[in-house]
Structures are given as C-alpha cells and as structure tokens.
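What follows is one structure encoded as structure tokens, with my remarks underneath.
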Amino acid sequence: MSAPQSQITIDLLDGSKAVAFAWGNGSGNAKKTALDSGKAALAAGIRHIDTAQGYENEIATGETLTAAGIDKKDVFITSKISGVKFESMPASEVRQNIENSIKDLGFSPDLYLIHNPFVIEPYSDLPAAWKVLEDLKDEGKLKSIGVSNFRPQDLELILKDAKHKPVVNQVEFHPYVLAHLQPVLDIHKKHGIVTAAYGPLTPLLGHRHPTGGPIKPVLARIAQRINSEEAGKGLPSGFEVDEIAVLLLWTRDSGVITISASGNRDNIKRLGQIAGLPKGLLKSEEMAEIEKVGKGVHFRRYTEHMEQDFPVPNLPDGTQ
Ligand SMILES: NC(=O)c1ccc[n+]([C@@H]2O[C@H](COP(=O)([O-])OP(=O)(O)OC[C@H]3O[C@@H](n4cnc5c(N)ncnc54)[C@H](OP(=O)(O)O)[C@@H]3O)[C@@H](O)[C@H]2O)c1
C-alpha cells in the first residue's frame, strides 16, 4: 500500500488500499498547469494523483513528485491506457502502450485502468486487452488493475473470463447520474468493484449545470448545519463548509474514490482541506437525502459513449 497512515483509504478487492481523495491532472486548468498545480495539491496534503496517457501528463506527474520532494511510496498514483491522443488500438498493442506509461511516469502506478472500452478496437479485443493487464499484474509490472467508463455490457464482457476482476471502475459520478448508473453500481456491488468518481462537482459548476438543480439547496442546508454544530470540533479552525465540500464529502463517505481537480491555488488548498476532513460529518439521513433528491434528475457532463447502447432514465435535467 502506498498510502501514508494519515490518509483516509478505501479497501480494494485485491487486498490493497486506495487513497480516497484524489486531485486529477486531466481537466481544465489543472491539466494545463499539471506540474505547478500538482505541487500545490501535494503541498495542500493531497496524496492521490489521477493521470492518464491521454492527458499527456504522465511525465509531469513523475516530475511533480520529484519537484515536491515527496517519495513515491507516500503518494497513490492512478494512470490509464488511452493510447496516443485517445486513438484506439488492438489488444496486440496494449503491452507496449502500458510499458510506455510506466516509462513516462518513472514508476509503476498503484492503480492502472483501461481509460475507456473504446480505447480498444475492435471491441471484441477487450477481453484480450484485459488479459494483458492481468499478465502484467502477475509479472509484477502492474499493481492494482481496473477500468474506466465501463457500462454494464463492458463489465460483463471482461468479467466473464477474468482471472483478476477489475478493482475499480472510474466513472462520472454525482447525484444526478445515480439513476442511470444503477445497473453499473449493481454489478460493482455484486463483484466488489469500487466506484471511482470523476466530475463529482458537476451539479455545482455553473458552466456545466446552469442552476445546480434541486440538490443545491439541500447541500447548502447541510453545510449550514455542519458549520453551526461542528465549528471548533470536527473542522479545522477558520474552515467554513460550503456546498462543494458537502458534495465531495458525500461522494467520499459513500465509499467512492473521489477525484476532483483545480488549477486555482485557493481552490486547491480547499480541496486539500476537504480531503483531510474526518468521516461522518454528514449524518446518515443527510447522505440518504442527497441520494434521493439526486435520483430525481438525470444530468451528465461527459456524455460521450456512456449514453450509447445504455439508455438514460426518463427524468428531468434539473435546470427548470
Ligand atoms: N476517466 C475519465 O474518462 C475521466 C474523465 C474526466 C475526468 N477524469 C479525471 O477526473 C479529474 C476531475 O474531473 P473534473 O474536472 O470533471 O472534476 P470536478 O471536481 O467535477 O470539477 C473540477 C472543477 O471544479 C472546480 N473547482 C474545484 N474546487 C472548487 C472550488 N472550491 N470552488 C469552485 N470551483 C472549484 C475547478 O475549477 P478551477 O480550476 O477554476 O478551480 C475544476 O475545473 C480530471 O482531472 C481527471 O483526472 C477522468
């Protein structure tokens, strides 16, 4: 396990532990400023970096650790096979691509994912591609292995003959995709696959969801309740809980690896503070209320293939 004792972790199926809260260098300004923002994220106390071949930031991820003077064993790293500029590849090219990833990072990441089922083409090569990850794990070249953006049919395809089940499926995850994701989450539960959330702040970012929808006032009320009851107890001095903090805590405390991002120093600092907040600040009835209200809306930021051959529920998008 690469996580320092101080971090909240989530147990994975293969016996290892993932650091529960991550900063990713694959989106927005975080992607453009991967090295400097990565250093800021580590300085803020974050100990899980999410990267991928497709972000073209694997080299910067390795350099971030060196520049920050932090030992690899103290930071959990996730990376993904995405091919060069997300160009798909047959299973025969997977081994070489993964070896390139490891070389660019400068180490074997703690968790390595197939970024998207469509990275592998033809689609029928997906089980053979998964077998390459299994072989590399057996050879000690990869540690934990998993997938990302896998729909029910993609999961079933590789689970059928898997020697090692994927330990994680990293998907867009927040209250407004819960209804759609239910069949995916059911498979996760059945097999012990941990969900990892990207895009967790989608409901609250105005450039994604214009109003915040019905979840926003619920999050605001919970933030107010925590601030009034926990100040001087469960919160660092001077730290005010806001809707963003509540949404990220809901995600993390749902047992989901939570991957946010920022290229803004103040926001990175806050993400570090949120990552360090204790478990259980949200009451179980508040956790349930967020889930219930979220399930009444369907809104996805990263549509891409997740809505192909995987019908969306007939729900409002929460913008009314
Ligand atoms: N597997 C996949 O296919 C996939 C797809 C997408 C993303 N990902 C991974 O997940 C990571 C996170 O994805 P995401 O960017 O969609 O996550 P997100 O948490 O939904 O959104 C991050 C955005 O929130 C803003 N933000 C953060 N803290 C804030 C605060 N306190 N106040 C206001 N705004 C705040 C940031 O803007 P500022 O920079 O302005 O702070 C950033 O643009 C990516 O970097 C990548 O590593 C994976």
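The values are calculated or read from the model by the stated rules, or taken from the named source; none is laboratory data. None of the values given here were measured: they were computed from a predicted structure. Heads up, the Cβs are rebuilt from the backbone with ideal geometry, glycines too, and the neighbour counts pull from every protein chain shown. Please note that ligands, DNA and RNA were not included when accessible areas were found on the heavy atoms of the full protein model with its side chains. Shrake-Rupley method; radii C 1.70, N 1.55, O 1.52, S 1.80 Å.
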**Asked** If residue 320 passes every condition in (1) open to solvent by 60 Å² or more (accessible area, probe 1.4 Å); (2) in a helix (DSSP H, G or I) but one, which one does it miss?
**Response** (2)
**In the range 117-140, the residues that are within 29 Å of residue 47 (Cβ to Cβ), open to solvent by 10 Å² or more (accessible area, probe 1.4 Å) and in contact with a helix residue (DSSP H, G or I) (Cβ under 7 Å, 6 or more places away or on another chain)** = 132
**Complete:** The number of residues in the range 185-215 that are part of a loop (DSSP other than H, G, I, E, B), more than 12 Å from the ligand (Cβ to nearest atom) and open to solvent by less than 30 Å² (accessible area, probe 1.4 Å) is 3
**Asked** Taking the range 270-303 only, how many residues are free of Cβ contacts under 8 Å to residues at least 12 places away in the same chain, not in a loop (DSSP other than H, G, I, E, B) and not charged (D, E, K, R)?
**Response** 2
**Asked** Are any residues in the range 259-269 in a helix (DSSP H, G or I) and either under 17 Å from the mean Cα position of the chain (by Cα) or not polar (S, T, N, Q) (or both), and if so, which ones?
**Response** 265, 266, 268, 269
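Residues checked against (1) surrounded by fewer than 20 Cβ atoms within 10 Å (Cβ to Cβ); (2) at pLDDT 95 or above; (3) more than 13 Å from the ligand (Cβ to nearest atom):
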| residue | (1), (2), (3) |
| --- | --- |
| 248 | no, yes, no |
| 254 | yes, yes, yes |
| 258 | no, yes, no |
| 264 | yes, yes, no |
| 271 | no, yes, no |
| 289 | yes, yes, yes |
| 292 | yes, yes, yes |
**Item:** Qualifying residues in the range 304-315 (those that are open to solvent by 30 Å² or more (accessible area, probe 1.4 Å) and not in a helix (DSSP H, G or I)) - the one farthest from the ligand (Cβ to nearest atom)
**Value:** 314
**Request:** At least 1 residues that are within 16 Å of the ligand (Cβ to nearest atom) and either polar (S, T, N, Q) or open to solvent by 20 Å² or more (accessible area, probe 1.4 Å) (or both) in each: list the strands (runs of 3 or more DSSP E) lying fully within the range 10-93 that qualify.
**Result:** 76-81
